[in-house]
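The values are calculated or read from the model by the stated rules, or taken from the named source; none is laboratory data. Remember, it's a predicted structure, so these values are computed and weren't measured experimentally. So basically every Cβ, Gly included, is an ideal-geometry build from the backbone, and we count neighbours across all protein chains shown.
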Amino acid sequence: MITLYGMGSPNVVKVYIALEELGLPYEVKPVDVFTGAQFDPAFRKLNPLAKVPVIVDSDGPDGAPYTVFESGAILLYLAEKTGRLLPADRAGKYDAIQWLMVQMGTVGPMFGQLVHFTRFAPAGNDYAKSRYATQVHRVFETIEQRLSETPYLGGAEYGVADIATFPWARIIPALLGAEAAAQFPAVTRWADKIAARPAVQAALAKVERVRAETTPFDKAEADKLDKMFGRGKYAVA
């Protein structure tokens, strides 16, 4: 049995989708990040960075329980555990891993900063919003080109790179607007194809349930948000 610690953020959605695609039995333990639950000592023993997602696999390597944090590492762990979602040949495997790293190193951070400065920062951050919106456009221009040439990010097969990128790609219309989304027709076709997968639909339904059990960001206490973002009295610089 795998225990997933998380809430409804895109990085957690990746893990829901992978678990559903792989048919692995799992249970979810919600972590209410907008009330500071990720800073509890018991949770920080699982992830010293105080971030979700985290999984604990009761049947880990050599049959012993094993904890994995960082969403990209979790996807690779689950793929190797099951022998699925990564191509078997070495070149194909690293094609997929490269595009997984694009998501981890660029898509997620740029989108995350754009969301932060759009939803959580005080007024007067026009430069930051413009910068991160531009970076999101640039990386998706590259992803658009890739998906104009191959059916999936890793190549011919659906896998970890697609699962990692989809939760961010699907919010392009909401975050950047329909006009921006229209600039990426190959991305839109790819995202629609993934959204139609039964495992993805099951995962997203479960994500909505965990969101209902955790605090929405607009209901969070100001001090909790300050601690989460390392600002105010929690800032060190």
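More than 24 Å from residue 9 (Cβ to Cβ) and surrounded by fewer than 16 Cβ atoms within 10 Å (Cβ to Cβ) - does that describe any residue in the stretch 65-77?
Within the stretch 65-77, one or more residues are more than 24 Å from residue 9 (Cβ to Cβ) and surrounded by fewer than 16 Cβ atoms within 10 Å (Cβ to Cβ).
Quick one: residue 48 ticks every box in (1) assigned to a loop (DSSP other than H, G, I, E, B); (2) touching a residue at least 24 places away in the same chain (Cβ under 8 Å) bar one, so which box is it?
The one condition residue 48 does not meet is (2).
List every residue pair whose Cβ atoms sit under 8 Å apart, with the two residues 6 or more apart in sequence or on different chains, where the first one lies in the stretch 150-173 and is of a type in the set (Val, Ile, Thr) and the second, anywhere, is outside any helix (DSSP H, G or I).
150/156; 160/85; 160/86; 160/154; 163/85; 165/153; 172/184
Checking residue 98 against (1) outside the structural domain of residue 152 (by TED's automatic domain parsing); (2) part of a helix (DSSP H, G or I); (3) modelled with pLDDT of 95 or more, which single condition isn't satisfied?
Evaluating residue 98 over (1) outside the structural domain of residue 152 (by TED's automatic domain parsing); (2) part of a helix (DSSP H, G or I); (3) modelled with pLDDT of 95 or more leaves (1) as the failure.
Note down all Cβ pairs under 8 Å where the first residue falls in the stretch 225-237 and is without any contact (Cβ under 8 Å) to a residue 24 or more places away in the chain, the second is among the β-branched types (Val, Ile, Thr) and exposed (fewer than 10 other Cβ atoms within 10 Å of the Cβ), and they're at least six residues apart or on different chains.
Taking only residues 6 or more apart or on different chains, the pairs are 230/236.
Given 132, 127, which one is surrounded by 17 or more Cβ atoms within 10 Å (Cβ to Cβ) and free of Cβ contacts under 8 Å to residues at least 24 places away in the same chain?
Result: 132 is the single residue among 132, 127 that is surrounded by 17 or more Cβ atoms within 10 Å (Cβ to Cβ) and free of Cβ contacts under 8 Å to residues at least 24 places away in the same chain.
Could you identify the single residue in 175, 204, 225, 147 that is touching a helix residue (DSSP H, G or I) at 6+ places or on another chain (Cβ under 9 Å) and either over 29 Å from residue 33 (Cβ atoms) or not in a helix (DSSP H, G or I) (or both)?
147
Condition first: charged (D, E, K, R) and over 12 Å from the mean Cα position of the chain (by Cα). Now tell me which residues in the stretch 52-73 satisfy that.
Hits for the stretch 52-73 are 57, 59, 62.
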